[in-house]
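Below: one structure, written as structure tokens.
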Amino acid sequence: MIVICTHKNIQTLERLLKSIKEFSVENHKICVVETSENIDAKNLVEKQFNAIFLNSTERLWEVGAYISGMQAFPNEKEYFLFQDSLEIVSFGWERMFRVPSGNTKLVALKKIELWNDPGQHKHLLELGIGNGYYKFQELFEKWDENGFGCMYTVNYMPQRAVKKFFKYGIEKLFCYNKCDAIESERIWGLVAYKTCGFASTEEFTKDFLGYKKYIIKHYIGRK
């Protein structure tokens, strides 16, 4: 299953859905999670792309959409967890995630090394990001910073990893603003590092930015 987080941006969502259709040999089951009460994309999703449309008004931002999607469909073999701002540009993108996972690990599109964490840079700390990072840790336990985070919170999870995430209590993680969302990238990766194991697409592409051969990340301003 592909779970897509979207937020009142039908044009961006349509671009991703078209690219999945164009560059997929497999017939992927798709669940689009709109993190508001907006239903503008419902007809597009259901009629044009034969996908599932859900609203998530309590769980927000990417992790909220992903948790909502996985809770709604808990028995899927695997989950590609995508932001709507992505665009698939080449066949074979699935292997970029599956191979490093080995049907066990979470695989991030791009990793953050927490011992060299950009979230600790001054300009981000001034936004309050560091405070929320430690606030989220209190939901689980205190960790050292030798793990990895998931940049963009775009990742792949086989069923084994999902079960370990929920056993660990990932449903306790809520995001209410952009700072929370950035911090949750670190928490999501750390939970994987702690439970199911962590890998990144770099292990397949052999290049930190090698994922761009298969997937482009567009930067979209959100309100």
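Could you order peptides 11-20, 206-215 by the average number of other Cβ atoms within 10 Å of their residues, highest first?
Those peptides, ordered most packed to least, come out 11-20, 206-215.
Neighbour counting of Cβ atoms within 10 Å sorts the residues VAL154, VAL99, VAL25, fewest neighbours leading, into VAL25, VAL99, VAL154. Karplus-derived 3J(HN,Hα) values for segment 61-75, using 6.51 cos²θ - 1.76 cosθ + 1.60 with θ = phi - 60°, are 6, 4, 5, x, 5, 5, 4, 4, x, 6, 5, 6, 10, x, 10 Hz; glycine and proline are entered as x. Taking amide H positions as modeled 1.01 Å from N, with prolines and chain starts lacking one, the residues under 5 Å from SER200 and 5 or more places away or on another chain are ALA108.
Amide H contacts under 5 Å for VAL154: LEU109, LYS110, restricted to partners 5 or more places along the chain or on a different chain, H placed in the peptide plane at 1.01 Å from N.
Bear in mind these aren't lab numbers, they're just calculated from the coordinates by the rules spelled out. Computed from a predicted structure; not experimentally measured. Positions of Cβ are generated from backbone atoms using ideal geometry, with glycine treated the same way; all protein chains shown enter the neighbour counts.
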